[in-house]
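The values are calculated or read from the model by the stated rules, or taken from the named source; none is laboratory data. Just so it is clear, the structure is predicted and the values come from calculations on it, not from any experiment. A quick note on method: Cβ atoms are made from the backbone with ideal geometry, for glycine too, and the neighbour counts reach across all protein chains shown. Surface areas here come from the heavy atoms of the whole protein model, side chains and all, with no ligands, DNA or RNA. Shrake-Rupley method; radii C 1.70, N 1.55, O 1.52, S 1.80 Å.
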Amino acid sequence: MSVPTTATTPAPADGRHPQRWLILGVICLAQLTVLLDNTVLSVAIPSLNRELGASATDIQWMINAYSLVQSGLLLTAGNAADRYGRKKLLIAGLALFGIGSLAAGLAQSSAQLIAARAGMGVGGALLMTTTLAVVVQIFDDSERVKAIALWSTVNSLGFAAGPLIGGVMLDHFWWGAIFLINIPVAALGLLAVITLVPESKNPQGDRPDLLGALLSTIGMTSVVYAIISGPEHGWTSGQVLLAAGVGVTVLTGFVLWELRIPYPMLDMHFFRNRTFVGAVAGAILVTFGMGGSLFLLTQHLQFVLGYGPLDAGLRTAPLALTIVALNFSGLGPRLLPKIGTPAAIAVGMAAVAAGLAAIALLGRDDYSGMFLGLVIMGVGIALATPAMANAIMSAIPPAKAGVGAGINGTLAEFGNGLGVAVLGAVLNSRFAALVPGIAGAASLPAALAAADGPDEARTISDGFASGLATSQLVGSVAVLAGGLLAALLLRRAEQQAGAPGGVEGKA
């Protein structure tokens with residue numbers, strides 16, 4: 001595959017950029033910084049409660065403002081990168097992310113921190129789409145699976161290592177340091193991108209789909225807002241139903257608009273490709289289980305088992321280390337071509353489901369059970385995540401790599417937000433049933449502080465642990481079902497493509 005480039009950046013004769021692996025390292029560093037901020041705040045909840053006087057609602061919005069803005073803009077950012085240049089948008093994303101990190105680190109109130117996190121989400125949307133799009137452009141078919149596997153490893157590492165990095169920072173500095181550490185990374189990334197990364201964009205120069213961009217942003221933001229607000233306000237509350245209704249209506253209008261215009265932002269014919277649909281289903285549910293479980297697990301380690309922020313972060317490290325060991329050793333990328341994408345996703349997501357079940361059943365009162373579950377989850381994520389990302393990007397023409405990356409990122413954000421909301425709601429429901437008068441997981445520190453003696457505190461902790469186990473089992477079932485569904489769709493796509501006259505082409 002030749003690499004689409006601008007006139008000022010000539011393509012090598014073999015279609016491979018001579019510094020492609022160095023460029024991969026640069027964009028993975030930028031991607032890691034963005035993804036760390038999805039989970040780094042989870043260990044800072046007690047510090048924010050204490051030092052900013054943040055309420056449970058404030059904490060929820062500090063966490064969700066970032067993903068809400070980012071998920072709403074991912075498709076638009078990917079389309080803009082394809083049209084105007086992926087390098088330009090990557091530079092803009094790094095700059096915005098660095099500025100937002102500075103504002104967050106210096107925030108003096110909950111409102112200021114929420115606003116800064118929203119600004120970081122804009123930069124994060126640009127970075128998440130352009131990094132994967134650049135990978136697709138600079139690597140040919142023979143190396144792309146390995147490159148995407150390494151990119152996906154960093155992707156998973158960002159979710160898993162956030163609590164660890166946050167714990168280390170909080171053990172030595174105040175909470176604002178978890179944001180200020182992004183600034184030198186963003187500066188280094190800017191310098192490297194300007195120097196090394198070639199410019200590339202869609203050579204067809206599609207017209208901008210401004211209405212499509214507006215509809216997708218409003219629709220996705222409304223749907224994610226409904227998911228985020230559901231556990232707090234109730235799924236049948238007017239606020240949640242209104243947001244969900246607006247989101248579904250606007251997204252329906254988006255689909256109809258994209259079907260009728262000659263230059264759609266998102267080609268709906270992608271969804272005729274079973275490979276694409278199967279990978280989409282799997283991507284949502286693996287991030288559903290991983291994002292939701294990690295959000296709750298860090299609270300369990302601190303509030304129930306009594307670990308400090310650093311110790312809690314260290315105890316989530318086996319997940320990240322397992323992913324790194326399998327994919328950076330090359331085992332994951334070598335295994336994928338041998339067993340095939342459907343099998344890799346089925347086995348990987350079954351392992352993620354087994355890990356969640358192990359945490360639920362064995363890790364309630366003892367870390368050794370959690371350790372086993374985290375390692376098993378790491379094995380599954382190392383197998384399934386690269387396979388799904390590669391399947392999504394392979395089903396989309398290279399000229400639309402930015403949109404493909406936007407779809408992949410949107411699925412990750414959507415699944416993560418859905419996992420936090422749904423598994424959190426399961427936990428809250430179980431917790432409230434076992435400990436009447438307790439509003440939910442976010443109120444656990446206050447409930448423990450107000451407990452009338454050690455016996456009541458133990459009852460509260462046991463109720464939270466029971467609710468956590470129930471939510472992890474729900475996540476396990478969802479991930480297993482998603483893995484089986486994705487594998488079935490991908491297997492049928494392969495069979496259709498291999499049948500006489502059957503073609504499973506790129507949409």
### Task
Please work out the ratio of the alpha-carbon Rg of the range 38-170 to 2.2 N^0.38 Å and round it to two decimals.
1.16
### Message
If the reach is capped at under 25 angstrom between alpha carbons, list the lysines near K400, excluding any in the same chain fewer than eight residues apart.
### Response
K87, K88, K146, K201, K506
### Query
For the chain, what is the largest minus smallest coordinate of the Cα atoms on each principal axis, given in angstrom and ordered from greatest to least?
73, 50, 46
#### Entry: Computed over the range 191-313: relative contact order in percent, which uses C-alpha pairs under 8 Å that are six or more apart
20 percent
### Spacing of the two label points (7 Å from each Cα toward its C-beta) at L361 and S142, in nm
4.6 nm
### Task
Please sort through the DSSP H helices of the chain and keep those with an alpha-carbon extent of at least 27 Å along the long axis and a Kyte-Doolittle average not below 1.0.
20-39, 86-105, 110-138, 210-233, 238-260, 274-299, 341-362, 367-394, 401-434
### Message
If the only charges are +1 at each Lys and Arg Cβ and -1 at each Asp and Glu Cβ, what is the size of the charge dipole of the chain around the Cα centre, to the nearest 20 debye?
### Response
1260 debye
### Query
So, with a 1.4 angstrom probe, what is the percent of accessible area on the chain that is carbon and sulfur?
67 percent
### Message
For the chain, what does the accessible surface come to per residue with a 1.4 Å probe? Please give it in Å².
### Response
37 Å²
### For the chain, calculated [θ]222 nm from helices alone, where every DSSP H run of n ≥ 4 adds -39500 (n - 2.57)
-26500 deg cm²/dmol
### Cα→Cβ-extended label distance, 7 Å offset, between S368 and Y263, nm
6.4 nm
